[in-house]
Amino acid sequence: MSEVHTSRIELLHEIDGLHDDHLVSCEHAAAYLDLSVGHLANWRCTKRGGPDFVRQGRVVKYRLAALKDWIASRTETAAA
């Protein structure tokens, strides 16, 4: 397994079991959504979508519940 996948798995393991109100880093959010950190940054800067985030000074974090809600809002049902 490559280092990138191992790193993602480690990040996912770190957030496993956290309460939905817990704030996670951009790296953890990107791993959870299977996106790059840069992709999330692009969405924040261009305001073109992406999950809600919290800015603490220069630090950006994501509430775990916001990540789950964002995924749920984009879930589609397959046509019969």
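Comparing ALA41, ALA66, ALA30, which has the greatest mean-square fluctuation in the GNM of the chain with Cα pairs linked when under 10 Å apart?
Looking only at ALA41, ALA66, ALA30, the biggest GNM fluctuation is shown by ALA41.
Ignoring ligands, DNA and RNA, please state the percent of accessible area on the chain from carbon and sulfur, probe 1.4 Å.
Heavy-atom surface of the chain belonging to carbon and sulfur, 1.4 Å probe: 51 percent.
What residues from region 14-32 fall in the zone where the backbone N is under 14 Å from a label point 7 Å along the Cα-to-C-beta line of ARG58?
Counting backbone N atoms under 14 Å from the label point, the list is empty.
Pop a pseudo-label 7 angstrom from the Cα along the beta-carbon direction at both ASP21 and ARG48 and give the gap in nm to one decimal.
3.5
What GluC sites (Glu not before Pro) in the chain are in a loop by DSSP, with at most 10 other Cβ atoms within 10 Å of the Cβ?
Here the GluC sites (Glu not before Pro) that fit, given the DSSP loop and packing criteria, are GLU76.
Set the Förster radius R0 to 22 Å, insert the Cβ-Cβ distance between ALA78 and ASP34 as r into 1/(1 + (r/R0)^6), and round the FRET efficiency to 0.05.
Calculated value: 0.65.
Pairs of Cα atoms under 8 Å, at least six residues apart: use those to get the relative contact order of the chain, whole percent. Show your work: numbers first, answer last.
Numbers: 69 pairs, mean separation 23.9, N = 80.
Across the chain, relative contact order equals 30 percent.
Work out the length of the dipole vector of the chain about its Cα centre, built from +1 on the beta-carbon of each Lys and Arg and -1 on the beta-carbon of each Asp and Glu, and round it to the nearest 20 debye.
Computed charge dipole of the chain: roughly 520 debye.
Based on the alpha-carbon gyration tensor of the chain, what equivalent-ellipsoid semi-axes (square roots of 5 times the eigenvalues) come out, in whole Å, largest first?
The three semi-axes for the chain are 19, 18, 14 Å.
The values are calculated or read from the model by the stated rules, or taken from the named source; none is laboratory data. Please read all numbers here as calculations on a predicted model, not as lab measurements. Note that we place each Cβ from the backbone using ideal geometry, even for glycine, and neighbour counts take in every protein chain shown. Calculation scope for accessible area: heavy atoms of the full protein, side chains included, ligands and nucleic acids excluded. Shrake-Rupley method; radii C 1.70, N 1.55, O 1.52, S 1.80 Å.
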